[in-house]
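This report concerns only the one structure given below.
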Amino acid sequence: MPTSNYFINQDTWTVVRFATFTRLLSLSLQAVLNVAVPDHVADAFSPPRTETPLLLDPAIETLLGGLSHWDAEHFLFIAERGYLYEHNFAFFPLFPLFLRLLANIVLWPLCGLLTMHGRLLVAVAIGNSIVFVLSAVALYKLTRLVLQDRKYALITALMYCLTPANVFMVAGYSETFFAGLTFAGLWFLEKGFTPGACLLLGFATGVRANGLVNAGFLLYLILQRGFAHIRTISKGTTGSSRYCQYAWALIQFLLTGSVYVALVALPFCLFQFYGYQTFCHPTVTHKQVPPVLLNLAQDKGYRVPDASSPTPSWCQWRIPLLYSYIQDVYWDVGFLRYFQLKQIPNFILALPVATLGFAASYTYIMANPAFCMHLGLGDKRKGKKTQVFYNPRVFVYVVHSSVLLLFGVFCMHVQVLTRFLASSSPVLFWISAHLLFQYEPLLQVETLFNSDQRQQHKDHLKHGVTICDWMCKNNQIVYLLMHWNTCSLCTRCILGYFISYWFLGLALHCNFLPWT
């Protein structure tokens, strides 16, 4: 096996081991913290349990109950009951469907020992853990392809394993599923497998609404190919022939772009149509809703489909989007609505990820100002810098991250910005790796990345190895943590931010305390 391929394969296993280790550690810590710290009484969605607990339900609730708090209750409720309440439609269907399939098929042997809710909790723990490991590998491969540097790819994936959005990657949220589909879809796109990329990015839209933005990657790809083709033909054609080539390139862009966008947007449109049919043309009455769930709706003011009641006001809109209505009415999401003095603590919580996002955009633009002014569609060879984070292929990712950052700051509840960016874009982890390589002398030691891993494996077998040793073997991030006192200030700030949010999220979120 060539040396380069050997190290790449070893890097992949390093990522798998560390991702597995952090998942197991997260599940263990949330169980301990959930038992040790009393739950805060929060005004959150909390549907009643209608099933009689079975033998293993109390144990599963004790071990994994912290995974079902806050918005996770919505996903678990949808997986168990379907879309009963109007505000449930803010949560897209592919992740609840994934949990339901795991609970009904993989965990079917536990039917006599666990209720559906208990099996769904187990499905969250198992499903999100497996998907997280796969998403870490997908991020490594995507980074390896885009940044063209094995060391950067490895550090990026290891930093992702310590993501500040950790609790949302392990709890019953759709962030892990979305990140896995997005990173895998972008990897397919970079490999040139556009149909597979469309399929995965379309599935991502079925998980979260911001998957719609991923259509920009496909449109940009068409533009790049079109401009490259125009530069090629313009050298050998003149006059009317050149204009015909331009017109044909424009037609190709419009036709192909429309197909790509339609494929990515299709799950969103189908889900909105389902919501429209459910509430604007209901076929059931409130009498068909289980009484205990109907009582909750009456107590909390939740709307249920009811053919005997007037249709909701949003049904009369020119474009009746239930998702927009829910975000506006139920969560008060809108431009500058969150800019209030009482929200300053939430802005402070989001400041680190916003700073890293801004730093990524600023450093890239400053490194390639002319290239960015031409929107990355000029001759790539004319870029001022082409190595690693500054290379031309990163441009579209920086634009995507910047759009999400601006939208998150000005139009969303800003505290969700951390998980919003961490699950949607690789740029947060790329800029972190870039800063570590730029300011951390320990990472400049070549042997840190090219050590003889075969011999190390033999030594471990000879002298014995703990599970922690095996999980963290040949791990550069663990190496930095072990040499914390000699690390640079930049390294301490970045790793300190990642690890503190990684742990605090588990401690607070799993006990119904507010977090990002």
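Data for the structure
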read-out	value
Of all residues in the stretch 37-83 being charged (D, E, K, R) and within 23 Å of ASN104 (Cβ to Cβ), the one that is farthest from the chain's Cα centre (by Cα)	GLU51
Residue satisfying condition, being at pLDDT 95 or above and surrounded by fewer than 22 Cβ atoms within 10 Å (Cβ to Cβ), within set SER402, SER424	SER402
Failed item in (1) out of contact with any helix residue (DSSP H, G or I) (no Cβ under 6 Å at 6 or more places or on another chain); (2) crowded, with 17+ Cβ neighbours inside 10 Å, with PRO58 passing the rest	(2)
Test: residue in the stretch 476-489 that is modelled with pLDDT of 90 or more and in contact with a Phe, Trp or Tyr (Cβ under 6 Å, 6 or more places away or on another chain)	yes
Options GLY112, GLY172: the member that is under 30 Å from LEU322 (Cα atoms), outside any helix (DSSP H, G or I), assigned by TED's automatic domain parsing to the domain that holds THR20 and in contact (Cβ under 8 Å) with a residue 40 or more places away in the chain	GLY172
Pairs where the first residue, in the stretch 392-413, is closer than 20 Å to PRO345 by Cβ and the second is aromatic (Phe, Trp, Tyr) and in a helix (DSSP H, G or I), C-beta under 6 Å, 6+ apart	GLY408/PHE420
Cβ-Cβ under 6 Å pairs, at least 6 apart or on other chains, the stretch 189-201 side within 15 Å of GLN224 (Cβ to Cβ) and assigned by TED's automatic domain parsing to the domain that holds LEU142, far side surrounded by 15 or more Cβ atoms within 10 Å (Cβ to Cβ) and of a type in the set (Gly, Ala, Ser)	LEU189/ALA197; ALA197/GLY185
Which listed residue is among the β-branched types (Val, Ile, Thr), loosely packed, with under 13 Cβ neighbours inside 10 Å and at pLDDT below 90, from THR283, THR256	THR283
Qualifying position, being loosely packed, with under 15 Cβ neighbours inside 10 Å and either of a type in the set (Val, Ile, Thr) or within 30 Å of LEU158 (Cα to Cα) (or both), among VAL122, VAL35	VAL35
Residues being buried (at least 20 other Cβ atoms within 10 Å of the Cβ) and more than 15 Å from TYR439 (Cβ to Cβ) - total across the stretch 478-510	7
When residues of the stretch 33-52 are limited to those that are in contact with a helix residue (DSSP H, G or I) (Cβ under 9 Å, 6 or more places away or on another chain) and part of a helix (DSSP H, G or I), the one modelled with the highest pLDDT	LEU33
Filter pass, PHE273 being of a type in the set (Phe, Trp, Tyr), without any contact (Cβ under 8 Å) to a residue 40 or more places away in the chain and not in a loop (DSSP other than H, G, I, E, B)	yes
Residues satisfying the stated conditions in the stretch 88-109, i.e. more than 23 Å from GLY202 (Cα to Cα) and part of a helix (DSSP H, G or I)	ALA103, ASN104, ILE105, VAL106, TRP108, PRO109
Every residue from the stretch 319-329 that is over 23 Å from the mean Cα position of the chain (by Cα) and of a type in the set (Phe, Trp, Tyr)	TYR325
Residue within the stretch 3-19 that is touching a residue at least 12 places away in the same chain (Cβ under 8 Å), surrounded by fewer than 19 Cβ atoms within 10 Å (Cβ to Cβ) and assigned to a loop (DSSP other than H, G, I, E, B) present	no
Test result for PHE75, assigned to a loop (DSSP other than H, G, I, E, B) and within 26 Å of TYR302 (Cβ to Cβ)	no
Residues of the stretch 308-343 satisfying the condition of being loosely packed, with under 15 Cβ neighbours inside 10 Å, among the small types (Gly, Ala, Ser) and not in a loop (DSSP other than H, G, I, E, B)	SER313
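The values are calculated or read from the model by the stated rules, or taken from the named source; none is laboratory data. Treat the numbers as computed from the prediction; the structure is a model and nothing was measured. Backbone-built Cβ (ideal geometry, glycine too); neighbour counts: all protein chains shown.
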